[in-house]
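See structure below.
What follows draws every value from the coordinates through simple rules; no lab data is involved. Fair warning: this is a prediction, and the values are worked out from it, not measured in the lab. Please note: Cβ atoms are built from the backbone with ideal geometry, for glycine as well, and neighbour counts cover all protein chains shown.
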Amino acid sequence: MASYLITGKAYWAKVLGDPVDNYSKDGKEWTIDVALDREALGILKGLGLDHKVRSKDDGRGPFVTFTRRELKRRTGAPNTPIRVVDFDNKVWDKSKPIGNGSTVQVKFNTFEPPVRGAKKGYAILEVKVLDWVEYNPTAIPVPTEKEAF
């Protein structure tokens with residue numbers, strides 16, 4: 001199975017340690033939003049994943065959300081956490097939360113859903129932290145024009 005890489009700015013990274021409640025509060029998951037530059041956007045569009053790209057009025061621009069459920073859908077067995085590594089491919093120190101604006105490289109694969117007519121999906125495999133920004137729970141950085149992709 002082929003895997004792909006995109007690079008972008010991380011937001012709301014909850015990929016370290018135990019999974020957190022999902023949006024609907026009916027399960028737990030690991031999750032990360034990745035703001036996309038033109039190259040990453042082009043990769044996703046080329047893979048037929050442009051329906052996964054979202055945008056909000058918070059200054060991030062286009063982004064995608066990668067998630068992994070705590071439990072596998074079919075069997076209910078525990079999923080393995082998302083692998084997080086540093087620039088040298090060493091396992092990331094879990095005592096250093098990934099702050100908003102950190103530059104990350106996300107490795108993922110794509111799949112055709114088993115339901116006829118459903119759209120193509122992706123599954124996150126790994127997060128590589130390229131440029132770490134310390135987590136600050138009170139700050140929500142909005143990229144300036146100079147920092148924007």
**Request:** Please work out, to two decimal places, the log10 of the ratio I(q)/I(0) at q = 0.17, 0.21 Å⁻¹ from a Debye calculation in which every Cα of the chain carries one identical scatterer.
**Result:** -1.05, -1.55
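Can you figure out the FRET efficiency of Ser95 with Thr65, using R₀ = 25 Å and their beta-carbon distance, to the nearest 0.05? Write out the running numbers ahead of the final one.
Details: r = 25 Å, r/R0 = 0.99.
The pair Ser95/Thr65 has a calculated efficiency of 0.50.
Could you calculate the contour length gain from Lys25 to Asn79, that is, 0.36 nm times the residue separation minus the distance between their Cα atoms, to one decimal place in nm?
Stretched fully, the Lys25-Asn79 segment lengthens by 17.7 nm.
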**Asked** In straight Cα distance, which aspartates and glutamates are under 20 Å from Lys107, not counting same-chain residues fewer than 8 positions off?
**Response** Glu29, Asp33, Asp37, Glu39, Asp50, Glu70, Asp86, Asp88, Asp93, Glu126, Asp131
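Just how large is the dipole of the chain about the Cα centre, in debye to the nearest 20, putting +1 at every Lys and Arg Cβ and -1 at every Asp and Glu Cβ? Don't jump to the answer; show the numbers that get you there.
Working: 25 positive and 20 negative charges, 145 e Å.
Dipole size: approximately 700 debye.
Pulled fully out, how much extra length does the chain show between Lys52 and Ala123, if you take 0.36 nm times their separation in residues and subtract their Cα-Cα distance? Don't jump to the answer; show the numbers that get you there.
Details: separation 71, 0.36 × 71 = 25.56 nm, distance 1.19 nm.
The span from Lys52 to Ala123 would gain 24.4 nm if fully extended.
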